[in-house]
1. For the subset of the range 319-353 comprising residues that are open to solvent by 10 Å² or more (accessible area, probe 1.4 Å) and outside any helix (DSSP H, G or I), which member is nearest to residue 381 (Cα to Cα)?
2. Against the conditions (1) within 16 Å of the ligand (Cβ to nearest atom); (2) within 23 Å of residue 161 (Cα to Cα); (3) open to solvent by less than 30 Å² (accessible area, probe 1.4 Å); (4) not hydrophobic (A, V, I, L, M, F, W, C), where does residue 268 fall short? Just the number, please.
3. For the range 286-302, which residues satisfy the criterion of being near the ligand (Cβ under 10 Å from one of its atoms) and free of Cβ contacts under 8 Å to residues at least 60 places away in the same chain?
4. Are there any pairs, at least 6 apart or on different chains, whose C-beta atoms fall under 9 Å, with the first in the range 374-392 and within 19 Å of residue 358 (Cα to Cα) and the second of a type in the set (S, T, N, Q), and if so, which?
5. Tell me yes or no: at least one residue of the range 132-145 is farther than 24 Å from residue 261 by Cβ, in a loop (DSSP other than H, G, I, E, B), more than 9 Å from the ligand (Cβ to nearest atom) and modelled with pLDDT under 95.
6. Going by the conditions given, is residue 203 more than 17 Å from the chain's Cα centre (by Cα), open to solvent by 30 Å² or more (accessible area, probe 1.4 Å) and touching a residue at least 60 places away in the same chain (Cβ under 8 Å)?
7. Mind checking which pairs have a first residue in the range 207-231 that is within 13 Å of residue 244 (Cβ to Cβ) and a second that is modelled with pLDDT under 95 and among the β-branched types (Val, Ile, Thr), Cβ under 8 Å, 6 or more apart or different chains?
8. Could you list, in sequence order, the residues of the range 71-101 that are more than 20 Å from the chain's Cα centre (by Cα) and surrounded by 20 or more Cβ atoms within 10 Å (Cβ to Cβ)?
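The values are calculated or read from the model by the stated rules, or taken from the named source; none is laboratory data. The shown structure was predicted, so the numbers you read here are calculated from the model rather than taken from an experiment. With ideal geometry, Cβ positions are generated from the backbone for all residues, glycine too; neighbour counts draw on all protein chains shown. Ligands, DNA and RNA are excluded from the accessible area calculation, which covers all protein heavy atoms including side chains. Shrake-Rupley method; radii C 1.70, N 1.55, O 1.52, S 1.80 Å.
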Amino acid sequence: MQHYHYIFTGSGLSALMTVYEMLVSGKFDDKSILLIDANAKKVNDRTWCFWDENNLFDEIVSKKWNQAVFANEKFNRVLELAPYQYNKINGLDFYELVFKKISEHKNIHFLNQKVVDFTELGNHCVVKTKEESFTCNKILNSIYTQDQRSNCMEHSRINPEVVISQTKFPLIQQHFIGWFIKSKEAVFSPNCATFMDFSVEQKGNTRFMYVLPTSSTEALLEYTLFSKDLLLKEEYELEIQKYIQNLGITEYEIIEKEQGNIPMTCYPFWKHNTKNIINIGSAGGWTKASTGYTFKNASKKSKALVQFLKSETDFTKFHKKDKFWFYDLLLLDILSSKNELGSKIFSSMFKKGSSTVIFKFLDEETSIWEDLQVIWKCPKILFIKALFGRIF
Ligand SMILES: Cc1cc2nc3c(=O)[nH]c(=O)nc-3n(C[C@H](O)[C@H](O)[C@H](O)COP(=O)(O)OP(=O)(O)OC[C@H]3O[C@@H](n4cnc5c(N)ncnc54)[C@H](O)[C@@H]3O)c2cc1C
């Protein structure tokens, strides 16, 4: 059986970011690394957006916005994003960038196979694909899919069932369908994204439209919910059609579609890590629980993980629980019991608050004083009730 120092089961965002960081650090050139993924990562399967001031992966940012709109049925506010910019990266550009870097290193290999099992056996681990088996010192797992169900008895394996079946930490899903369209009419402002537009019917949920214009006639429009249950495909698409009509578009062509379902939860994913197996990405709780944003978090966490790997060997020590985890927990407690309140909560935050402080807060980089500036704008009674609910 071929042996590796590190095997990545799943080679999407978090795995590729971690490998990228390993390569950049230059400290892992003597380590053998195997990346395994059931998907060859050769298609543009998602669009990543994030706000940033440090030009993260700048060479592949395909569009930047300096302004973003926040709206509901009563108001419409244009947020000046400086010092941040809202950036868009096409999934395929990211995969190509990292795989090009990987191809320059002989110690890293990619295998396009489906992982069917992995386990820790004392001082080493075993990974099985449909075709082969490998041993390694460490596994970095980002597979978080239902079809790992049969393995869920193993402590280190995490799948959505494990999170769904517990009740201590609410699970909400950020689910959406997006259409990238080209319209006849020039209705979009290419310099201004629509971050959240809650003017769409809420229907007892937290529902909004997210619009990323790339020219006056082209945009990605995503009908998005933060809620427990998914909708039928037709329901998302009907709402996108309505929104397009309300923009005054009479003729358009759908260029591309995307869809997603991102877990939003404070579930302590790290408890499934063992000495030699770590869960990373959404499987490791790297998704920001209150927003579903993962790209920037994955960048921070992968840097921290690579730093950790240089000196530590026990993955159970790699986790942190801080005030932001608790803030997110309170918000999710509210949204899971009163899902219709999302528009009210996000609107109160964005109506007058400083967008710089809000984005810094969502990046988990604010001081207590800045936290209060954001929290003070939110409906206090709701959060105090949620706080009491958690304490008692
Ligand atoms: C359409 C879409 C748009 C998104 N947009 C944003 C955004 O704008 N901003 C943001 O911050 N976040 C966004 N996200 C959320 C998040 O950034 C992504 O989901 C991100 O890809 C999560 O990274 P990951 O490494 O956890 O999982 P993934 O990138 O999904 O990687 C997991 C990998 O495991 C592989 N795999 C699964 N099962 C097996 C198996 N049995 N064997 C082998 N391989 C397997 C998959 O093929 C996949 O490549 C979006 C998500 C989606 C789906």
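1. Taking the candidates together, the pick is 338.
2. With respect to (1) within 16 Å of the ligand (Cβ to nearest atom); (2) within 23 Å of residue 161 (Cα to Cα); (3) open to solvent by less than 30 Å² (accessible area, probe 1.4 Å); (4) not hydrophobic (A, V, I, L, M, F, W, C), residue 268 is out only on (1).
3. Step one: filter the range 286-302 for residues near the ligand (Cβ under 10 Å from one of its atoms), giving 286-288, 291-299, 302.
Passing the criteria: 287, 297.
4. 374/354; 374/366; 377/348; 378/348; 379/348
5. Of all residues in the range 132-145, those farther than 24 Å from residue 261 by Cβ come to 132-139.
Of the ones still in play, those that are also in a loop (DSSP other than H, G, I, E, B) are 132.
In the following step, the residues that additionally are more than 9 Å from the ligand (Cβ to nearest atom) were identified as 132.
Now restrict to residues that are modelled with pLDDT under 95: none.
For the range 132-145, residues farther than 24 Å from residue 261 by Cβ, in a loop (DSSP other than H, G, I, E, B), more than 9 Å from the ligand (Cβ to nearest atom) and modelled with pLDDT under 95: absent.
6. Values: more than 17 Å from the chain's Cα centre (by Cα): yes; open to solvent by 30 Å² or more (accessible area, probe 1.4 Å): yes; touching a residue at least 60 places away in the same chain (Cβ under 8 Å): no.
No: the conditions fail for residue 203.
7. Short answer, once both residue conditions are applied: 220/47.
8. Taking the range 71-101 and keeping what is more than 20 Å from the chain's Cα centre (by Cα), we get 71-83, 99-101.
The answer is 71, 72, 79, 81.
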